[in-house]
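A.B. asks: Dropping the structure in here first, questions after.
Bear in mind these aren't lab numbers, they're just calculated from the coordinates by the rules spelled out. For clarity, every value in this text was computed on a predicted model and none was experimentally measured. Methodologically, a virtual Cβ is constructed for each residue, glycine included, from the backbone with ideal geometry; neighbour enumeration extends over all protein chains shown.
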Amino acid sequence: MNKVALVTGGSRGIGLGIAEKLAEAGFDLAINGVRDESGVTEVLEAIRKYGNKVIYAQGNIAKAEDRQSIVDKVMSELGQLNLMVNNAGVAPKVRKDMLEINEEDFDYMMSINQKGTFFMAQLATKEMIKQKEANPDYEGMLINITSISARTASTQRVEYCMAKASLSIMSTSFAVKLADYQIPVYEVQPGIIETDMTAVVNEKYTKLAQDGVVLEKRMGRPDDIGKVVASLATGGLPYCTGQTIVPDGGMGIWRL
């Protein structure tokens, strides 16, 4: 029986890059997104080309009832949950100077990127613990996709940076909590990745990358992150629970 992975926000961008690489690695998949299933039919069919089971679990992770229905659908249709990839997130509706952000902007960001992600992880890992207690041979894993924004100040989207930074301590805390169940936890901090989320600043980021802010002189691609996650998911980084992996093309290296 294949292992089962749930990827939130898995129908586009980084999430889709992750889903494709996990399917290639032999996982059955539950893809979560907020769009109606009719809007992601082609995406699901493309992932199914690897011969795996692929279901769509629609829902907004900011809503408690949706989070529960997502996990319930995974368990009822795929029978188990081995890997939770917390990837779903949003960019600011409008990039604003930090002195201009209002409470509505802030709450929108935190409800999904922070609160929703935490409670999604909580719900999924409770299910993992049940499976481990029922079967000592069960293998589970939690991977949280954050961002270099967790440690990179940006005055035009500080609420995004704050949400991502909070997920770093969330990841290490889950690593401590789940250690007794042999469930490893990782944080993946992507750098500048070419997705629909960064499309509005694509020209700016492409120029920055080519001018040397990124050592590899290109923006990252969703499949770059997918390969990192698939490596973790298939045991490629053992004895490293609680660690942060930073696929940023060398952007974070201090240079003179």
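A.B. asks: Of the candidates S171, S111, S147, which one comes out as most mobile in a Gaussian network treatment of the chain with C-alpha springs shorter than 10 Å?
C.D. replies: S111
A.B. asks: Now for a different question. Scattering from the C-alpha atoms of segment 88-219 alone, worked out with Debye: what is log10 I(q)/I(0) at q = 0.09, 0.21, 0.23 1/Å?
C.D. replies: -0.34, -1.19, -1.32
A.B. asks: Quick one: what does P(r) look like for segment 178-248 with 10 Å bins over all Cα pairs, in whole %?
C.D. replies: 19, 41, 25, 13, 2
A.B. asks: Please give the length that would be gained between Q68 and V213 if that part of the chain were fully extended, namely 0.36 nm times their separation in residues minus their C-alpha to C-alpha distance (nm, one decimal).
C.D. replies: Gain on extension, Q68 to V213, equals 48.1 nm.
A.B. asks: Going through the cross-link list K21/K217; K73/K227; K164/K227; K49/K204; K164/K204, which pairs have a Cα-Cα distance over 31 Å in this structure?
C.D. replies: K49/K204
A.B. asks: Between T234 and K204, what length in nm is gained on full extension when 0.36 nm per residue of separation is reduced by their alpha carbon distance?
C.D. replies: Gain on stretching T234 to K204: 7.3 nm.
A.B. asks: Then there is this: Tell me, in nm to one decimal, what length is gained between R48 and D137 on full extension, where the rule is 0.36 nm per residue of separation less the Cα-Cα distance?
C.D. replies: 29.3 nm
A.B. asks: Using only Cα positions of segment 4-245, each an equal point scatterer, no hydration layer, compute I(q)/I(0) via Debye at q = 0.09, 0.17, 0.18 Å⁻¹ and quote the log10 values to two decimals.
C.D. replies: Treating every Cα as an identical point scatterer, log10 I(q)/I(0) equals -0.36, -1.34, -1.49.
A.B. asks: Suppose every K and R has +1 on its Cβ and every D and E has -1 on its Cβ; what is the size of the dipole of the chain about the Cα centre, in Debye to the nearest 20?
C.D. replies: So the dipole magnitude of the chain works out to roughly 440 debye.
A.B. asks: I've got another one for you. Quote the FRET efficiency, to the nearest 0.05, computed for A153 versus D36 with a Förster distance R0 of 35 Å and r equal to the Cβ-Cβ distance.
C.D. replies: 0.40
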